[in-house]
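The values are calculated or read from the model by the stated rules, or taken from the named source; none is laboratory data. Predicted model, so just to flag it, every value in this text is computed and none were measured. FYI the Cβ positions are ideal-geometry reconstructions off the backbone, even for glycines, and counts take in every protein chain you see. Protein only, heavy atoms only, side chains kept; ligands, DNA and RNA dropped before computing areas. Shrake-Rupley method; radii C 1.70, N 1.55, O 1.52, S 1.80 Å.
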Amino acid sequence: MKNLVKYSAKACTILLYFLPAILFFSYYPIITVGRSDYMNLEFSLPEIWLIIFAILALPQLKKLYKFYGPKKLAITAVIPVFCFLSSIWSANHLRAILTSGILSLLIFTVLNTVVLFKEHKNLRTDLIKVLLFSSAAISVICWLQCILDILGVPRSVTLLCEGGTYTAFGFPHPNGFAIEPQFMGNLLLVPVLLSFYAIFAHAYKNRGQKATLILLTTFLSATLFLTLSRGAIFSFGIGAIVLAIYCGIKKYNHFIKSLITAIIILVASLGLTLTADGIFASTSPTNDTFISGVTKAVHQLSLGVIDIRPEEYKAEESTVSATTETTASETAAGTISEPETSTFSGYVAESTDTRLNLNALAFGTWRSDPQYTFIGTGLGSAGIAMSKTYPEEIGPKEIVQNEYVSLLLELGLIGCAIILAVAIYAAIKLPKNPLFVAVIFAFAFSLLFFSGLPNALHVYIFPLLFATKDKLLVENKVKRHCNNRN
């Protein structure tokens, strides 16, 4: 039995080394098992990884009980138990059970990972290095996706989502191996914030390492901007502000100098991305120019507030007509070679309006029935419930696209109260450092822009790397560079 536990721990440790890279493959490749009227039954690499890890970690159950004790384990079990119970009154029983299962596997993985971090002192640092390397590699692929799209390579090869090709704005915005650009941008939040934290903490030994760190930070930040995901970019802004404030409060040595360096990197990376958007626009098969590409990107990122587009684009309506859709599909098939007009001339208000409308429908559904208000519609049934309440406005497969509103609708006030209580307890108990707090704020804000668990497992796993009092990559360097408060 002891050998089984030993080999189990070793196998789980080995699997953890693959986790940072695997999380970037949140949608491609995908294994489709089947479809129903309410959902698509699919398995991604991170989900398969979770299942394998959980099976291998089963011999660790006794160790987990000794390490955490019955009280902490009971607290961590409250949320998945309530989610499983909600499948009883959910209109989508299969989805509720599967989602609850994924949540349980996720919690089980988190509990085991914390124990492995305690047993292997260098494991956390090694995983952070794997994360940075993986982020850089995936970022290269993102830029390659854009280049191939401009060259006319089909989506079946580039794996760009339909709305991410050059036909939308005249320039592409990548999604990597995620389902959409917003999830690719969200995946980059942690490595980008980590890179900026390393700059504040002076996590380098010489000028060569400093230059490498600055280049890496600039490249990862530019890739984040390249996704054109406002949700991810705004979340990064929130996280970066929290990180800077926290490091300032901690009185990191040469803080002002590091802050200026960080601002220069941000400006440089944004400039690099806008320049790339302009080049992509001017070389794409559309009639866009360098100026139109740059100004469209600025207009979209600023939610239409900053409008420096040429006059001809200001006069156009950013709507998708039947003619435009036909042109886009024909171009993707490679049947038209003459210049075409990109679908959008600037900020796409429809995207924001759709999210706000879904939130309104979700709130309306939640208020329509006392059961929905207190215990929710049941996990995974938001789309079905909204469709029944507003049959003319929404289909049963639709999602809320706001995790907080989605949880309120599916789990009700009681479920949300349970989640909030557990979250507060965890926040009190977990050790905190500037990077951990920044990541939590960034991810918490990002949940306003999407909902669902399968495509966002990284949101609940990545923060684990920084939930420690250790100095991470910088070890004791932070301590040496902090001013003496005595």
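Overview of results
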item	result
Enumeration of residues in segment 280-294 that are part of a helix (DSSP H, G or I) and free of Cβ contacts under 8 Å to residues at least 40 places away in the same chain	Ser282, Phe290, Ile291, Val294
Residue identified as under 28 Å from Pro29 (Cα atoms) and not aromatic (Phe, Trp, Tyr) among Leu73, Leu85, Leu116, Leu159	Leu159
Scan of segment 241-257 for residues that are closer than 19 Å to Ala442 by Cβ, part of a helix (DSSP H, G or I) and either in contact with a strand residue (DSSP E or B) (Cβ under 9 Å, 6 or more places away or on another chain) or in contact (Cβ under 8 Å) with a residue 40 or more places away in the chain (or both), ordered by number	Val242, Leu243, Ala244, Tyr246, Cys247
Identity of the residue in segment 364-409, of a type in the set (Ser, Thr, Tyr) and open to solvent by less than 40 Å² (accessible area, probe 1.4 Å), that ends up farthest from Phe445 (Cα to Cα)	Ser387
Index of the failed condition, Thr218 passing every other in (1) free of Cβ contacts under 8 Å to residues at least 60 places away in the same chain; (2) under 12 Å from the mean Cα position of the chain (by Cα)	(2)
Odd one out for Leu356, checked against (1) closer than 30 Å to Tyr313 by Cβ; (2) open to solvent by 40 Å² or more (accessible area, probe 1.4 Å); (3) assigned to a loop (DSSP other than H, G, I, E, B)	(3)
Of all residues in segment 421-431 being within 17 Å of Ala74 (Cβ to Cβ) and surrounded by 11 or more Cβ atoms within 10 Å (Cβ to Cβ), the one that is modelled with the lowest pLDDT	Ala426
Test: residue in segment 414-427 that is assigned to a helix (DSSP H, G or I) and over 25 Å from the mean Cα position of the chain (by Cα)	yes
Residue that is nearest to the chain's Cα centre (by Cα) [pool: residues in segment 126-137 that are of a type outside the set (A, V, I, L, M) and open to solvent by less than 30 Å² (accessible area, probe 1.4 Å)]	Ser135
The listed residue being touching a residue at least 12 places away in the same chain (Cβ under 8 Å), open to solvent by less than 10 Å² (accessible area, probe 1.4 Å), within 22 Å of Pro463 (Cβ to Cβ) and in contact with a Gly (Cβ under 7 Å, 6 or more places away or on another chain), out of Leu193, Leu188	Leu193
Helices (runs of 4 or more DSSP H) fully within segment 89-178 counting 1 or more residues that are in contact with a Phe, Trp or Tyr (Cβ under 6 Å, 6 or more places away or on another chain)	93-119, 123-150, 166-169
In segment 185-219, the residues that are closer than 18 Å to Leu301 by Cα and in a helix (DSSP H, G or I)	Gly185, Asn186, Leu189
